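Encoded as structure tokens, the structure appears first; notes follow it.
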Amino acid sequence: MNDITLTGKTLPLADLVSIADGRRIRLSEAALREVRAGQRALADALARGEGVYGTTSMVGAFKDAVVTPEDRPHHTLRLMRSHQLGFGEALPVRTVRAAMLIRLNGILSGHTGAGPDLARALEALLNTGITPVVPEYGSIGCADVGLMGHVGAVLMGEGEAFGPDGKRLSAAVLLKRCGLRAFVPGPKDMMTVLSSNALGVAGVALVVAEIRARLPLWLGIYTVSCAGFGAFRIPWEAARRTGMPTEQRIARFLERVSGDGGWTPRRNLQDPLSFRCMPQIGGAFLAALERVEASLAYSFSHCDDNPILLDGRALTSGASLPLSLALDAQAFVLALCHYVRGVLGRILALCRNDLSGLSRNLTFEPGRQVAFGAATKLAADLATSILRESTPASLYQVPVANGFEDEASYLPSIARALRLQCTLLEPLVALEAMAGRQAVRLSGATPEGLPGAIIAALSQDIPWLDDSHAVGDVLRATEAVLAEFPLPPAPEFDSSQSDPMECLYA
């Protein structure tokens, strides 16, 4: 696989994921020229005697304390160590790799004042597979200074890192083993490492990428539930013809992947809202997804430093507060919660004989089997645990740095919420797949297209929920099959039809 060239400009989400998972990079010469120009601009500003926050001064509440040219190397070391404060379990390697990549692409804009040696040092860590050990807690999302300090430490040969083999060792040992030298920072290099929201951005980005990839399957599982419930397809047509743009796209996707259906509505006029309103729920979810993706795209190539170098000047900047991204990510959290409510609603409706017209709790032998009766409690626990993560984290702010830093986005907290939500949503959706499949069998429906393919995949290895197996075992087996399920376009679909993904992700 070819290396990905970084330009300091656009960075597609797919490339970020690929590099986070180990793909190599290279730096464009044009971008390195921009870095050198920014480095010269910083040197000129220092020569003119201009004050540069974090370089000629200390930081935070001590911004008025002067750092002399002679003390700058010692100041850099103190700065790194004082901000190496993370606590808790180590963040996943791919999250830290994504963060280093985002920071590196921002440096390549030429607006940080850092030198090309820093860019090359980050490139070397990524390409050799050395990943700093960065604890989870320690940032309130107005630059991840307390966590990025761990990245700076490894660059300088301190702290710990994961090697290419995944083993955790001292940074000094790993650098030597991989033929790298400890980085010697220039005047603003360490401030550039610290003054970034790269970890919070990376955390949101990787979850968003996972959800984008899984959404078509989740919608396919919804159509399995529709087949088992005997739901009307007419609301899809209504949304396709009159809905908002994202609602129309969801409706077209549902129509295309379901083929001619293969099931007959079993009630008068209309269904419960969790079935009827998928174009609206899914459309809002898709709109929120695209908003947060647009904010991420900006963050990947934007220099969020303070100060920032523009036109030869070092400008004090408030760009370290990624509030737009935080609010878009928070809105995505809420949209996901609404999707989750629909999933739970469909599971419960399928199990209610008065709504579904099927046997109570989807039992094959009423009065002898519990079937989904107890499993609905797990579904409720998963769903409510996801909903609890919807608290607007960005509003919780405590002034720090002696009251000097009195704003924050709490972007890392939002990223943690998204990660937990995504983790819990997978088994919840698997429960819907189990319930939908069992309802299809009880109803005698014969769904085509994507719902038919999902049922066929589950039918090869997954037992029915008929009290002959532990519910948890069946759930884990279902999750495993769904994790490997080929998303559309799949071989089961008519190749003469257009790719259904094209109408979903226009």
Net charge (Lys, Arg +1; Asp, Glu -1) of residues whose beta-carbon lies under 14 Å from that of Thr7, Thr7 excluded, is -2
Sum of side-chain charges, Leu194 neighbourhood, beta-carbon under 13 Å (Lys, Arg +1; Asp, Glu -1) | 0
If one takes the longest principal axis of the Cα atoms in the chain, at what angle in degrees, from 0 to 90 and to the nearest 10, does the Cα axis of helix 93-107 lie?
-> 50
If you stretched the chain out fully between Tyr505 and Gln460, how much longer would it get, using 0.36 nm times the residue separation minus the C-alpha to C-alpha distance?
-> 13.2 nm
When DSSP assigns beta bridges and you keep just the ones with both residues in the chain, what percent turn out antiparallel, to the nearest 5?
-> 80
Hey, rough spin-label estimate for Arg241 and Ala14, points 7 angstrom out along Cα→Cβ, what's it come to in nanometres?
-> 3.5
Given +1 on the Cβ of Lys and Arg, -1 on the Cβ of Asp and Glu, and no further charges, what dipole in debye does the stretch 1-125 carry about its Cα centre, rounded to the nearest 20?
-> 140
Computed magnitude of the charge dipole of the stretch 230-389 (debye, nearest 20; Cβ of K, R +1, Cβ of D, E -1) | 840
Just need the relative contact order of the chain here, percent rounded to a whole number, with Cα pairs under 8 Å and 6+ apart.
-> 18
Arg48-Arg24 pseudo-label distance in nm [points 7 Å out on the Cα-to-Cβ vector] = 4.2
Solvent-accessible area per residue for the chain at a 1.4 Å probe radius, Å²?
-> 42
Using a Förster distance of 25 Å, how high is the FRET efficiency between Leu273 and Tyr298, based on the Cβ-Cβ distance and rounded to 0.05?
-> 0.10
Using Cα pairs closer than 8 Å and at least 6 residues apart in sequence, work out the relative contact order for the stretch 1-112, in percent.
-> 44
Along the stretch 9-23, Karplus-curve 3J(HN,Hα) (6.51, -1.76, 1.60; θ = phi - 60°) to the nearest Hz, with x for Gly and Pro, reads 10, 5, 9, x, 4, 4, 5, 4, 5, 4, 6, 4, 8, x, 5
By how many nm would the segment from Glu426 to Arg181 grow when fully extended, if each residue of separation counts as 0.36 nm and the alpha-carbon distance is taken off?
-> 83.9 nm
Of every hundred units of 1.4 Å-probe accessible area on the stretch 49-185, the number belonging to carbon and sulfur atoms, as a percent, is 58
Residue-averaged [θ]222 nm for the chain, counting only DSSP H segments that reach four residues, each worth -39500 (n - 2.57) | -18000 deg cm²/dmol
Test item: Cα-centred dipole of the chain, Lys/Arg +1 and Asp/Glu -1 on Cβ, debye = 60
Measuring from the longest principal axis of the C-alpha atoms of the chain, the long axis of helix 411-443 (C-alpha) lies at a number of degrees, nearest 10, equal to 20
Relative contact order, percent, the stretch 317-436 [alpha-carbon distance under 8 Å, six or more residues apart] | 34
Where does each of 113-121, 38-46 land if you order them by average Cβ count within 10 Å, highest first?
-> 113-121, 38-46
Residue order for Lys63, Lys188, Lys377 - accessible surface, 1.4 angstrom probe, largest first | Lys377, Lys63, Lys188
Calculate how steeply helix 72-82 sits against the longest principal axis of the alpha-carbon atoms of the chain, using the helix alpha-carbon long axis, and give the answer as 0 to 90 degrees to the nearest 10.
-> 30
Report the label-to-label distance for Leu85 and Ser170 in nanometres (one decimal), using points 7 Å from each Cα along the Cα→Cβ vector.
-> 2.6
Taking r as the C-beta separation of Thr7 and Ser385 and R0 as 35 Å, the FRET efficiency to the nearest 0.05 is 0.25
Which sequence of Asp304, Asp381 reflects their accessible areas, 1.4 Å probe, from the largest down?
-> Asp381, Asp304
Compare the Cα positions of Leu16, Gly86, Ser57 along the charge dipole of the stretch 8-91 (+1 at Cβ of Lys, Arg; -1 at Cβ of Asp, Glu; about the Cα centre) and return the one farthest towards the positive end.
-> Leu16
Unit charges at the beta carbon, dipole of the stretch 396-451: most positive-side option, Leu425, Gly444, Tyr410 | Gly444
Protein chains only, probe 1.4 Å: how do Met191, Met244 rank by accessible area, largest first?
-> Met244, Met191
Considering only lysines 8 or more places apart in sequence, or on different chains, count the pairs in the chain whose C-alpha atoms sit under 26 Å apart.
-> 4
PRE reach from Asn402 (point 7 Å along Cα→Cβ): which of the stretch 50-66 fall under 14 Å by backbone N?
-> 58-66
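The values are calculated or read from the model by the stated rules, or taken from the named source; none is laboratory data. It should be emphasised that the depicted structure is a prediction, and the values quoted were computed from it without experimental measurement. Quick reminder, even Gly has a Cβ in these numbers, built from the backbone with ideal geometry, and neighbours come from all protein chains shown. Each accessible area value is taken on the protein alone, full model and side chains, heavy atoms only, with ligands, DNA and RNA left out. Shrake-Rupley method; radii C 1.70, N 1.55, O 1.52, S 1.80 Å.
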